[in-house]
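Beneath this line is the structure, given in structure tokens, with notes to follow.
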Amino acid sequence: MWLQTALAEAMDITPHSKSLERGVILQRTLQTDVHQKYYLYIPQRGGNNAKIFITVHGISRNVSEHAQKFADYAEEFGVVLIAPYFPSDRFPDYQRLGRKGKRADKVLNEIVSEVARLTSARADKLYLFGYSGGAQFVHRYMLAHPHRVAKIVLGAPGWYTLPNPMLTFPIGIQQSQSLPHVQFDPEQFLHIPACVLVGEKDNQRDHELNKKAEIDRLQGKTRIERGQRWIETMKHHARAQGLSTTYAFHLLPDTPHSFSMSMQRGGMGEKTFDFLFSEG
């Protein structure tokens, strides 16, 4: 794997431009919203009919690091990479799609539409990864927009939305007044393969972890236990509908709750791309 290290900052490119650089990480502004930033990587072979990989940061908002650490994999697998930026002032609730502030799922859809127009990449089915708060967003995006999602990988979410229609979103999938037009359809989202990756040392109840009694009771007390339970719950509901959907849970060796260490020590990049893009 290799990567040209140049970073092209804030490029102003017209909607039908053919001058988008390949093999470098581009920092872009959404053409319909001058305040919305995202990172883009187009592999050397180009974006024509390529799959789109999306990586979503956690609450540290390390979007540049996500783009840089996954760009080599995007090059190797020939996919277009998008890393959206959800700053706290505009997206205080992006992990739960956006019950207050802007709707992060709608903004992501706008970014994907722009990238598909600029690169001719395929936007029909998306391949998503998120870490921590970003993983919360990714699995809830899958629940809300299953028709847009091919597969997902979740890196150590703090807690999950369960496929339980008796519990109101974001704990369950009962429709919420805070997201009045979002409906959740298990017959659709239970078809989507999902993988959870958690560091084997990510078993601390740190200050960032949701420690509400209801979450502890329903999901467990650590990110490891919660990830295992969510995968087993999704698998149970899928099997009850006669589906053989792939659900996987893996511990990352010698890794605490850290995106950087998960990539360096735990092999999270390899595991993510193998699950999303390897055949068979």
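The values are calculated or read from the model by the stated rules, or taken from the named source; none is laboratory data. From a predicted model like this one, the values you see are computed outputs, not experimental measurements. As a convention, Cβ positions derive from the backbone with ideal geometry for all residues, glycine included, and neighbour counts pool all protein chains shown.
Search the stretch 1-31 for residues being hydroxyl-bearing (Ser, Thr, Tyr) and modelled with pLDDT under 95, and hand back the single one that is surrounded by the fewest Cβ atoms within 10 Å (Cβ to Cβ). Looking at residues that are hydroxyl-bearing (Ser, Thr, Tyr) and modelled with pLDDT under 95, I get SER19.
Are any of the residues in the stretch 45-63 of a type in the set (Lys, Arg), assigned to a loop (DSSP other than H, G, I, E, B), surrounded by fewer than 20 Cβ atoms within 10 Å (Cβ to Cβ) and at positive phi? Don't jump to the end; show me each part of the working.
If we filter the stretch 45-63 for residues that are of a type in the set (Lys, Arg), which is where we start, we get 45, 51, 61.
Of the ones still in play, those that are also assigned to a loop (DSSP other than H, G, I, E, B) are 45, 51, 61.
Next, only the ones that are surrounded by fewer than 20 Cβ atoms within 10 Å (Cβ to Cβ) stay: 45, 61.
Narrowing further to those that are at positive phi: 61.
So far as the stretch 45-63 goes, yes, one or more of its residues are of a type in the set (Lys, Arg), assigned to a loop (DSSP other than H, G, I, E, B), surrounded by fewer than 20 Cβ atoms within 10 Å (Cβ to Cβ) and at positive phi.
For every residue, the table says whether it meets (1) of a type outside the set (Gly, Ala, Ser); (2) without any contact (Cβ under 8 Å) to a residue 24 or more places away in the chain; (3) farther than 17 Å from GLN95 by Cβ.
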{"site": "GLY130", "(1), (2), (3)": "no, no, no"}
{"site": "ALA135", "(1), (2), (3)": "no, no, no"}
{"site": "TYR141", "(1), (2), (3)": "yes, no, no"}
{"site": "GLY158", "(1), (2), (3)": "no, no, no"}
{"site": "MET166", "(1), (2), (3)": "yes, yes, yes"}
{"site": "ILE173", "(1), (2), (3)": "yes, no, no"}
{"site": "SER176", "(1), (2), (3)": "no, no, no"}
{"site": "PRO180", "(1), (2), (3)": "yes, yes, yes"}
{"site": "GLU187", "(1), (2), (3)": "yes, no, yes"}
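Among the residues making up the stretch 207-228, those that are without any contact (Cβ under 8 Å) to a residue 40 or more places away in the chain and not hydrophobic (A, V, I, L, M, F, W, C) are HIS207, LYS211, LYS212, ASP216, ARG217, GLY220, LYS221, THR222, GLU225, GLN228. Any residue in the stretch 227-246 that is in a loop (DSSP other than H, G, I, E, B), touching a Ser or Thr at 6+ places or on another chain (Cβ under 8 Å) and either closer than 21 Å to PHE189 by Cα or of a type in the set (D, E, K, R) (or both)? Within the stretch 227-246 (the criterion being in a loop (DSSP other than H, G, I, E, B), touching a Ser or Thr at 6+ places or on another chain (Cβ under 8 Å) and either closer than 21 Å to PHE189 by Cα or of a type in the set (D, E, K, R) (or both)), the answer is no, since none of the residues qualifies.
Is it the case that PHE129 is part of a helix (DSSP H, G or I) and crowded, with 24+ Cβ neighbours inside 10 Å? Judged against the criteria, PHE129 is not a match. Within the stretch 230-272, the set of residues being surrounded by fewer than 16 Cβ atoms within 10 Å (Cβ to Cβ) and touching a strand residue (DSSP E or B) at 6+ places or on another chain (Cβ under 9 Å) comprises GLU232, THR246, ALA248, PRO253, ASP254. Screening ARG122 with (1) touching a residue at least 24 places away in the same chain (Cβ under 8 Å); (2) more than 17 Å from LYS51 (Cβ to Cβ) gives one miss only, at (2).
Residues in the stretch 154-211 that are polar (S, T, N, Q) and not in a loop (DSSP other than H, G, I, E, B) were compared, and the one that is nearest to TYR141 (Cα to Cα) is GLN188.
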